Amino acid sequence: MAIETLFIANRGEIAVRIIRAARQLGIKTVQAYSVADAESLAVKIADEAALIGPPSAAKSYLSIDNIIEAAKAAGADAVHPGYGFLAENATFAARVAEAGLTFVGPSADVISKMGDKVAAREAAKAAGVPTVPGSEGRVASLEEGRKIADSIGYPVIIKAAAGGGGRGIRVANDGAEFERLFSQASGEAAAAFGDGGLYVEKVVHPARHVEVQILGDGTRAVHLFERECSLQRRRQKVWEEAPSAALPATVREALTASAVRLAEAVDYSGAGTLEYLYDETSGDFYFIEMNTRIQVEHPVTEMITGIDLVGEMLKIAGGGALPHRQDEIVRRGHAIEVRLNAEDPANNFMPFPGRIDALRLPGGPGVRWDSMLYPGYEVPPFYDSLLGKLIVWDETREAALDRLGAALSELTIGGLKTTLPLFTALLKAPEVRRGEAHITWLETWLDDNAKHL
Amino acid sequence: MAEIRSPLPGTFYRKPAPDQPAFKEDGDTVAVGDVIGLVEVMKTFTEVKSEIAGTITKFVADNEEPVTAGMVLAEVAS
């Protein structure tokens, strides 16, 4: 049944984006908000708004009880989770369904299956999608570990099974080093996590981050080509493009086909993204994880395909079948997105909330601005630092880079520090210009250049 | 009476983690450089260090309370 009233359980720029997609489909919108977001753009432009709690996200945007109660009270028939917060929380998806509402996204079962790294890896292998070579689960002994490491080839990474936060991780460049580090890593993991279990995995380096956008209706899935997000700092993407500058046509075809196979194998419903590491030297790609939600960088895909991804999510959730055959989805040109964050790039990217005292936006053909900012808006300190996304499109990557430079030169966000100077500087870096940056390139570049931003 | 103020706007935490005891309690002594709490701003945690020595007479800000830059967190008798 098509959605009539949509409850938006998120905030910031993605809430604004969801309201726009819903409005285009004639769907009434109810915007959830915390006390800190009472003056937000999403609250101002939605048809209705519902208070869900105090500023603390744990008591508002992460409170399943508050959200479901507010959605029911507002007479909503569906809930869009956006990204972050509860978007990939299987319990939330299940509770929404139990309350008789439609969750805009896949089922709780699919979320929990693809959200579990081991289960997702098994699903990928079953669908014939390559994964990073390594041990299947825990390594029983040093001898077994050595055997696996020898067979996948060095360098290898040794990871704590119970790990997290980078602790218990070692990189071994040869067999002798492997034997020495394996014992150390096991001891450290046992001390830190009370569990000395270890995994062994191939190091893909230098690697490019490529990801495939898919849409599924529970029966059939299609891909909308790939995005490349190799420019990252602390595993946070700062700049995304579509298509990838690194992929030859044959690899693109194999990569996108693998994503469709995996999505269909799990009867995927909604929008999703399969993330891969791509090894340019060998031409191999490896599935790493699936995000069962809309992503921050979805606009670059919309710009090259002309398809409204959030709109498609709403139609699929409303019971619609996929409207497109694969051969009807074509790409044209090149799109780039940069994330304007309230951070000071010259001071270790310290968060910088505050009041927007001036706002001048770029425009013209091929320029898009997805944001919740307005002049006078007070950016609250309680949530993430994303202020807006500047997206540009042109026929070629070279022309898109030039358009990005022109758009950045017109953009003024006054009153706080932003990541704008980072992008102006990156546009001058030859590696960015040539499309050669791999996933650790930006951090190395920042070591030398951050102080001048 | 001296005061310890928040250096940043955000959410004030009196504990290093939810299941751990508070950095300081009312009545505790405090030295220059002692951590008395954390302020979370946009998912980044910053330690709040005392710039004065003395005894904390009272925490004015509660655990998990939203704070503004310059807001008094605790009062100290030196």
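The values are calculated or read from the model by the stated rules, or taken from the named source; none is laboratory data. Please read these numbers as outputs of a predicted model, since none were measured by experiment. We place every Cβ from the backbone using ideal geometry, glycine too, and count neighbours over all the protein chains shown. Only protein heavy atoms, including side chains, enter the accessible area calculation; ligands, DNA and RNA are left aside. Shrake-Rupley method; radii C 1.70, N 1.55, O 1.52, S 1.80 Å.
What shape does region B:1-43 have by the C-alpha gyration tensor, where a ≥ b ≥ c are the square roots of the eigenvalues, rounded means a/c under 1.5, and otherwise prolate means a/b greater than b/c and oblate the rest?
oblate
Using only Cα atoms, find the angle between the long axis of helix A:117-126 and the longest principal axis of chain A, and express it within 0 to 90 degrees, rounded to the nearest 10.
So the inclination is approximately 80 degrees.
If you place +1 on the Cβ of every Lys and Arg, -1 on the Cβ of every Asp and Glu, and leave all else neutral, what size is the dipole of the protein assembly as shown about its Cα centre, to the nearest 20 Debye?
Dipole size: approximately 520 debye.
Find the sum over both chains of the accessible area lost when B and A are paired, probe 1.4 Å, and report it in Å² to the nearest 100.
Protein heavy atoms only, the B-A interface buries about 1000 Å².
For region A:207-452, what is the accessible area per residue in Å² when the probe is 1.4 Å?
I get 37 Å² per residue for region A:207-452.
For n ≥ 4 DSSP H runs only, could you compute -39500 (n - 2.57) per run for chain A, divide by its residues and tell me the 222 nm figure to the nearest 500?
-10000 deg cm²/dmol
If you take the beta carbon distance between A:A140 and B:M1 as r and set R0 to 51 Å, what does 1/(1 + (r/R0)^6) give as a FRET efficiency, to the nearest 0.05?
FRET efficiency, A:A140 to B:M1: 0.20.
Can you work out the accessible area per residue across region A:142-202, with the rest of the protein chains kept in place, probe 1.4 Å, in square angstrom?
49
Could you tell me what percent of the accessible area of region A:194-246 is made up of carbon and sulfur, with a 1.4 Å probe and every protein chain present?
43
Short version: which residues of region A:27-73 lose at least 10 Å² of accessible area, all chains versus chain alone, 1.4 Å probe?
The answer is A:P55, A:S56, A:K59 - residues whose exposure falls by at least 10 Å² when every protein chain is included.
Order these peptides, A:368-374, A:419-425, A:290-296, by their mean beta-carbon neighbour count within 10 angstrom, highest first.
Packing proxy ranking, top to bottom: A:290-296, A:419-425, A:368-374.
Using a 1.4 angstrom probe on heavy atoms only, work out the carbon and sulfur share of the accessible area of region A:281-389 in %.
Summing carbon and sulfur atoms, their accessible area is 48 percent of the total for region A:281-389.
Could you compute how fast chain B diffuses translationally, taking Rh as the Kirkwood radius over C-alpha pairs and applying Stokes-Einstein at 20 °C with viscosity 1.002 mPa s? Give it in µm² per second.
177
Cα-based Rg (one decimal) and Dmax (whole number) for region A:197-350, in Å?
Just the Cα atoms of region A:197-350 yield Rg and Dmax of 16.2, 49 Å.
Given the C-alpha centroids of region B:1-50 and region A:378-453, what is the distance between them in whole angstrom?
34
Short version: which residues of region A:377-406 lose at least 30 Å² of accessible area, all chains versus chain alone, 1.4 Å probe?
Hits at the 30 Å² cut-off: A:P381, A:F382, A:D384.
Output needed for the protein assembly as shown: three equivalent-ellipsoid semi-axes, defined as square roots of 5 times the C-alpha gyration tensor eigenvalues, in descending order, whole Å.
Taking √(5λ) for each Cα gyration eigenvalue gives 36, 32, 25 Å.
So which of A:K389/A:K428; A:K117/B:K15; A:K147/A:K202; B:K15/B:K49; A:K389/A:K451; A:K451/B:K15 end up more than 22 Å apart by C-alpha?
A:K117/B:K15; A:K389/A:K451; A:K451/B:K15
Limiting things to C-alpha atoms, what are the Rg and the maximum Cα-Cα separation (Dmax) for region A:5-104, in angstroms?
So, for region A:5-104, Rg and Dmax equal 11.8, 32 Å respectively.
Just going by the charge dipole of region A:207-452, with Lys and Arg at +1 and Asp and Glu at -1 on Cβ, which of A:A263, A:L404, A:P351 is farthest out on the positive end?
The residue sitting most towards the positive pole is A:P351.
With a 1.4 Å probe and every protein chain left in place, work out the accessible area per residue of region A:1-80 in Å², rounded to a whole number.
38
FRET efficiency for A:D267 and A:R325, Cβ-Cβ distance as r, R0 = 30 Å, nearest 0.05?
0.95
For region A:45-171, build the convex hull from the C-alpha positions and give me its volume per residue in Å³.
With only Cα atoms used, region A:45-171 gives 170 Å³ per residue.
Using 7 Å Cα-to-Cβ label points, what is the A:K44/B:A22 separation (nm, one decimal)?
4.0
For A:T219, project a label point 7 Å along Cα to C-beta. Then give me every residue of region A:229-268 with its amide nitrogen under 20 Å of that point.
Within reach of a label on A:T219: A:260-268.
Given axes a ≥ b ≥ c from the Cα gyration tensor, I'd like to know whether region A:298-453 is rounded (a/c under 1.5), prolate (a/b larger than b/c) or oblate.
Oblate is the answer for region A:298-453, as a/c is 1.5 or above yet b/c matches or exceeds a/b.
Using the Cα atoms of region A:142-202, I'd like the radius of gyration and the largest Cα-Cα distance, Dmax, both in angstrom.
Computed over the Cα atoms of region A:142-202, radius of gyration and Dmax are 10.4, 29 Å.
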